[in-house]
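Engineer: One structure coming up, written as structure tokens, with questions to follow.
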Amino acid sequence: MADFKSDFQRWIGLCNEEYLIKYANKGLYNRACKEIEKGVTVSYEFMDDHVRCALSDDSVCLLYGDIERFSCSCPSDKICKHVILAIVAYATQHQPAAGMGDAGDEPAVFKPDFGWLLQLHPSDFLQAFTAAQIEEVLFRLEYGEALEVAETSFLTVTLQLQQVEVSFDQEADLSRAMCSCKAKGNCIHKLECLLRYRLVHEIDDREALQADITDVSYDAEVAAEARALLAEVLGIGLAKLPETVCTRFELLAIAAHNGNLPALEKDLRGIKGELGLFFQRHVKFSQDVLLDRLARVYLGLAALEKSERPELKKQLLGSFKSKYHTVPHLTLYALGANPWETRSGYKGVTYYFFSLADKRIYTYTEARPVFYEGTSFTYATSYKSKAPWGGLVTMEELSHSQVSLTSAKTNREQRLSSSDETKLVVLPRENIEELDLGETLCRDLAERMGEGAGVLFEQATEHVFLLPTKSVLQVFYEAATQQLIITVEAHDGESIPLVIPYQGEFDKTIRYLENNKRLLELRDVYWLVQVRGDELYPISMLQGKSLTSLKLDL
Amino acid sequence: MEEIFAFREKLEDWVERMLLKGIRKFESADLATLARLEASAREYGMDFLAELIARLAEAGGHYMRDAKAGVELLTERYLYMVQYVNMMKKPLSQAVAD
């Protein structure tokens, strides 16, 4: 009993105004204090594991030395005025020095300890949170957030950009943590606050969590079969290889899809495509590319068989499609827009943005299938339509501005989603010359051109960057290749051809560019260019605050 | 520099020839070619490559004695060499980025 009494008194030391208000509410707390002022008294009788508090207004409540465990003779099933009154009265009677109602004086008696937050093991998070929550938070951790930590009776972590506040109790129990989002159960803010708090204290759980939530099971039989097929191709040699091998690759690719082997699926199709070119005696066929691929896939499968570490397996397995996650905040600097059309019957406009914080290019794409009859999509109407994220501006305005997005949804390829939750605020646009463009700015063109080579059948990651130039040397239309070539001069004096292939739809634009002498007068312009093969396609020109998307603004 | 370039071409030639004719057709002439390539690699101080070639030749010899048991090892070692040769073609910055 002596133990319980000392535990109880330690707990009472914690029960200051802030603590009680957090668990109950201000109204209840004030009413309890008023009752005491009016003269309600309490007598306490200590039992083995609780204390019986008899109030002079005839109600009786039991306290167990824990804010979540109590009972009261009144009908309320939640924390009531009587319970608060019993706590406050005990604290004022027995610890007058603690100065109830004044949070600042209380540590003399009791200093809460939040060490448990740092002692938690990643496996504890797996129990408390779902894999989806963990995945989302791990994605968010890649983005900065202004963190504020305050220690009072609680340890309160505030995510300032998201305006979310999570308070952790000194009791080592995650379910007792309270979040300002008021969601039931363990919300993702709790996990985000916890992980960010631990990161501040140099505890990085990311790798361990990533490994734990990754599904690395796969169909070993398919992997073995694929390896055997590759060995067969290499064993027989291209000269005597039957064409039916292509069908076997396709069938295995389907099996790989069902066997949770996305990277293998893609590679098998790639090899099939490459072999197809070989059988057609196509000029695009390259022994180098095929060999490189065969070696990479074969040795990758061998490595997969041997590897134990889940994160390595995950890397070898690849992933099907990336999910969209919410990131707290992005400041985006528009870089221009590019209309496109695919052979498979899609039309769309892709908008490019530079993110000032993480120095990467984000894209937003609006696309429509046009293979159905009656579907009309024109670049101009799409360009003039309202932008997502609140519809404050048109896409055209958006593509010339600088904006701040809160709760933006993006995936691992930095593609933005048109989510309704995202809020947009237009900011004053800065000069392109004053931005720290990081890797987005091209410093060595030869190096940039090499990237992404040899990925004929893979879904090529779109490669876009900013090219700073001194002047425009020449503009001419090459009839033989049907393309407009704009030759620009880089700062090191090198002349670089930028190519716009002719498209009927942009006939006017191309003529305008060809005949406009003012283009030759441009100095110190940044070009947003896209690399395709060994050619550079210009998307837009930027200088100071201004921007011109070649195919949409001219 | 030109000598190394010529050596690289010889390596590539052999690797591509094998792709066309098939590893299962590995023969004593290939062993002789590999011995020459290994010697050149040592001459240019490319010891790691020389080691790869030596191990490939070893697997080749093994394969010629016992075709069933040796083909897997031969394939694997051939592909290690393929990767090395491919790496030589790429500029250094890109090889690291890959």
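Engineer: Specify the inter-centroid distance of region A:276-348 and region A:482-554, based on alpha-carbon positions, in whole Å.
Structural biologist: The two parts, judged by their Cα centres, are 29 Å apart.
Engineer: So what's the back-of-envelope 222 nm ellipticity for the protein assembly as shown, counting only DSSP H runs of four-plus at -39500 (n - 2.57) apiece and dividing by all residues, rounded to 500?
Structural biologist: Calculated at 222 nm, the ellipticity per residue is -13000 deg cm²/dmol.
Engineer: Moving on to the next point. If we count every other residue with Cβ under 9 angstrom of B:Arg77's Cβ, Lys/Arg +1 and Asp/Glu -1, where does the sum land?
Structural biologist: -1
Engineer: Moving to a separate point now. Tell me which lysines have Cα within less than 17 Å of A:Lys347's Cα, excluding those fewer than 8 residues away on the same chain?
Structural biologist: A:Lys384, A:Lys551
Engineer: Okay, next question. Kindly provide the Kirkwood hydrodynamic radius of the protein assembly as shown in Å, to one decimal, from all pairs of distinct alpha carbon atoms.
Structural biologist: After inverting the pairwise mean of 1/r, the radius is 30.8 Å.
Engineer: Can you tell which of A:Thr342, A:Val403, A:Gly300 lies farthest toward the positive end of the dipole of region A:285-415, using +1 and -1 charges on the Cβ of basic and acidic side chains (Lys, Arg; Asp, Glu)?
Structural biologist: The Cα lying farthest towards the positive end belongs to A:Gly300.
Engineer: Quick check: the distance between the Cα centres of region A:142-185 and region B:16-76, to the nearest angstrom?
Structural biologist: Rounded to whole Å, the Cα centres lie 62 Å apart.
Engineer: Nearest 10 degrees is fine. How inclined is helix A:188-200 to the longest principal axis of chain A, computing both from alpha carbons?
Structural biologist: That works out to roughly 90 degrees.
Engineer: Net charge near B:Met18, counting Lys/Arg +1 and Asp/Glu -1 over other residues with Cβ under 9 Å of its Cβ?
Structural biologist: For residues surrounding B:Met18, the net value is +1.
Engineer: Something else about it: With +1 on each Lys and Arg Cβ and -1 on each Asp and Glu Cβ, and nothing else charged, work out how big the dipole of region A:116-213 is about its Cα centre, in Debye to the nearest 20.
Structural biologist: 320 debye
Engineer: Ok, one more. Using only the Cα atoms of region A:113-157, build the gyration tensor, take square roots of its eigenvalues as a ≥ b ≥ c, and label the shape rounded, prolate or oblate: rounded if a/c is under 1.5, else prolate if a/b is larger than b/c, else oblate.
Structural biologist: In terms of gyration-tensor shape, oblate.
Engineer: Ok, one more. Tell me the trypsin sites (Lys or Arg not before Pro) within region A:352-436 that lie in a loop according to DSSP and have at most 16 other beta-carbon atoms within 10 Å.
Structural biologist: The qualifying sites are A:Lys359, A:Arg360, A:Arg412, A:Arg429.
Engineer: Take the Cβ-Cβ distance between B:Glu27 and B:Glu2 as r, set R0 to 35 Å, and report the resulting FRET efficiency rounded to the nearest 0.05.
Structural biologist: 0.70
Engineer: Hey, another quick one. Of the GluC sites (Glu not before Pro) in region A:278-315, which ones lie in a loop per DSSP and count no more than 10 other C-beta atoms within 10 Å?
Structural biologist: Answer in residue order: A:Glu308.
Engineer: At R0 = 41 Å, how high is the FRET efficiency between A:His282 and B:Ala67 if r is their beta carbon distance? Nearest 0.05 is fine.
Structural biologist: About 0.75, to the nearest 0.05.
Engineer: P(r) tail for chain B, what percent of Cα pairs lie past 20 Å?
Structural biologist: 35 percent
Engineer: A further question on this structure: Using the Cα centre as the reference, give the magnitude of the dipole from point charges on the C-beta atoms of the protein assembly as shown (Lys, Arg: +1; Asp, Glu: -1; all else neutral), rounded to the nearest 20 debye.
Structural biologist: In debye, rounded to 20, the protein assembly as shown gives about 1780.
Engineer: OK, next. Taking the Cβ of A:Thr394 as the center, what net charge do the other residues with Cβ under 14 Å away carry, scoring Lys and Arg +1 and Asp and Glu -1?
Structural biologist: -2
Engineer: Here's something else I'd like to know. 5 Å is the cut-off here: which amide hydrogens, built 1.01 Å from N in the peptide plane, fall below it relative to A:Ser540, excluding neighbours closer than 5 in sequence?
Structural biologist: A:Leu528, A:Leu550
Engineer: Also, quick follow-up: How long is the gain from A:His201 to A:Thr487 if the chain were fully straight, where each residue apart is worth 0.36 nm and the alpha carbon distance is subtracted?
Structural biologist: Here the segment from A:His201 to A:Thr487 would lengthen by 97.7 nm.
Engineer: Fewest Cβ neighbours within 10 Å first, please rank A:Tyr537, A:Tyr333 accordingly.
Structural biologist: A:Tyr537, A:Tyr333
Engineer: When A:Asp219, A:Asp292, A:Asp169, A:Asp3 are ordered from fewest to most other Cβ atoms inside 10 Å of their Cβ, what list results?
Structural biologist: The order, fewest Cβ neighbours first, is A:Asp3, A:Asp219, A:Asp292, A:Asp169.
Engineer: Is region A:325-429 rounded, prolate or oblate when judged by the Cα gyration tensor, a ≥ b ≥ c being the square roots of its eigenvalues, rounded requiring a/c under 1.5 and prolate requiring a/b larger than b/c?
Structural biologist: Judged from the Cα gyration tensor, region A:325-429 comes out prolate (a/c at least 1.5, a/b above b/c).
Engineer: Of A:Val40, A:Ile485, A:Tyr29, which is farthest on the positive side of the dipole of chain A, counting Cα position, with +1 on Lys and Arg Cβ, -1 on Asp and Glu Cβ, and the Cα centre as origin?
Structural biologist: Farthest towards the positive pole: A:Ile485.
Engineer: Follow-up question, since we're still on this one. In this model, which of A:Lys306/B:Lys21; A:Lys26/A:Lys81; A:Lys22/A:Lys78 are farther than 20 Å apart at the alpha-carbon?
Structural biologist: Beyond 20 Å: A:Lys306/B:Lys21.
Engineer: Taking the alpha-carbon distance from A:Lys323 and a cut-off under 19 Å, which lysines remain once sequence neighbours fewer than 8 residues away in the same chain are dropped?
Structural biologist: A:Lys266, A:Lys314, A:Lys409
Engineer: Turning to a different aspect of this structure: Find, among the trypsin sites (Lys or Arg not before Pro) in region A:285-321, those assigned to loop by DSSP (not H, G, I, E, B) with at most 13 other beta-carbon atoms within 10 angstrom.
Structural biologist: Hits after loop and neighbour filter: A:Lys321.
Every number here is computed from the coordinates shown, using simple stated rules; none is lab data. Everything quoted here is computed from the prediction, not taken from an experiment. Every residue, glycine as well, gets a Cβ built from its backbone with ideal geometry; the counts of neighbours run over all protein chains shown.
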